[in-house]
Amino acid sequence: MRKSFWFVLLFSGILEYSAAAGAEQIELPRRGIAAHRGASATYPENTLAAFREAIRLGVHQMEFDIKMTKDKRLVLMHDAAVDRTTNGRGRVADLTLEEIRRLDAGRWKGAQFAGEHPPTFEEALAMMPMNIWLNVHVHSLPNEAELVEAAAREIVRQKRTHQTFLAVGHRGAEAARRICPEILICNMERQGGKVQEYVMDTVARRDAFIQLLRQYGVNWPNEIRRLKEAGVRINYCCINEPGSLAALYAAGVDFVLTDEVERMVEAARQAGVEPWKPIFRSSVAVPEK
């Protein structure tokens, strides 16, 4: 009889997380590779399959996107509509969770992924290791505050505040902090503007992360020094060329977002950053495909 669940503890080399251990005892990566929507170059983005593969490869940070359904549930989807990455049509905000769960989010990437469904935020958090950074991207939408508040409640409920940060603008950050004042934020408010103003804003707001875009490069020694002095971690989006990695680390970037997870994890290893060994809660189980 086919088992309905498989346990993440079956990953080779995985350590077990003891429920008695506090979050303060969990070591998080200081730098490394961030899987952009999971291992999205080879797996369907924002799916549990893409996350499992990225974890297997040893990523240090997982990035994914969330949207709110018509019936106020949180699901993983980058676009406002389901058309590009599923076999359905329509805006996430106009569909119920039940309607979205019936969609196939894998076949577009390859026949081997047929039957992969869009996961809920709750499911995605539950299957993640306790010791990697979780980068939850919330785009600016009319319902952003409501969405972010719901996400913050789930982060708190699952005791993930030590590792999860919300990539949001000011309005989203304020909404999240109404739920959990100490929640971690990656400032996205001024991302498309002047780097100097963006950095100063991030430092002034005491945010935990900032995300720099590749079109601006990293030739900002004064700004990077200011971020380092303030304890702000630097994400860099997005690079798929392994040869660029060592220079980014040398410039002060902490985490590089990439679709090409396998190649970039290997490049990081060559640059002195070892693949990360995940630690899971002993009770976590992940549904089979």
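Note on the stretch 85-97: residues that are touching a residue at least 24 places away in the same chain (Cβ under 8 Å) and of a type outside the set (A, V, I, L, M) total 4.
For A105, the test of being closer than 16 Å to D259 by Cβ, among the small types (G, A, S) and buried (at least 21 other Cβ atoms within 10 Å of the Cβ) is failed. Scanning the stretch 141-169 for residues that are of a type outside the set (G, A, S), surrounded by 15 or more Cβ atoms within 10 Å (Cβ to Cβ) and in a helix (DSSP H, G or I) yields E144, L147, V148, E149, E154, I155, V156.
Summed over the stretch 8-47, residues that are modelled with pLDDT of 60 or more and either surrounded by 23 or more Cβ atoms within 10 Å (Cβ to Cβ) or not hydrophobic (A, V, I, L, M, F, W, C) (or both) total 20. Taken together, I224, I234 contain a single residue that is of a type outside the set (K, R), under 23 Å from R37 (Cα atoms) and without any contact (Cβ under 8 Å) to a residue 40 or more places away in the chain, which is I234. Among residues of the stretch 187-246 being more than 21 Å from R171 (Cβ to Cβ) and among the hydroxyl-bearing types (S, T, Y), the one that is surrounded by the most Cβ atoms within 10 Å (Cβ to Cβ) is Y236.
Taking the criterion of being in contact (Cβ under 8 Å) with a residue 60 or more places away in the chain and acidic (D, E), the residues of the stretch 109-146 that qualify are E116, E123, E146. Cβ-Cβ distances below 9 Å connect the following pairs, each with a first residue in the stretch 251-272 that is closer than 12 Å to L212 by Cα, a second residue that is assigned to a loop (DSSP other than H, G, I, E, B) and basic (K, R), and a separation of six or more residues or different chains: V253/R31; D254/R30; D254/R31; F255/R31; V256/R31.
The values are calculated or read from the model by the stated rules, or taken from the named source; none is laboratory data. From a predicted model like this one, the values you see are computed outputs, not experimental measurements. As a convention, Cβ positions derive from the backbone with ideal geometry for all residues, glycine included, and neighbour counts pool all protein chains shown.
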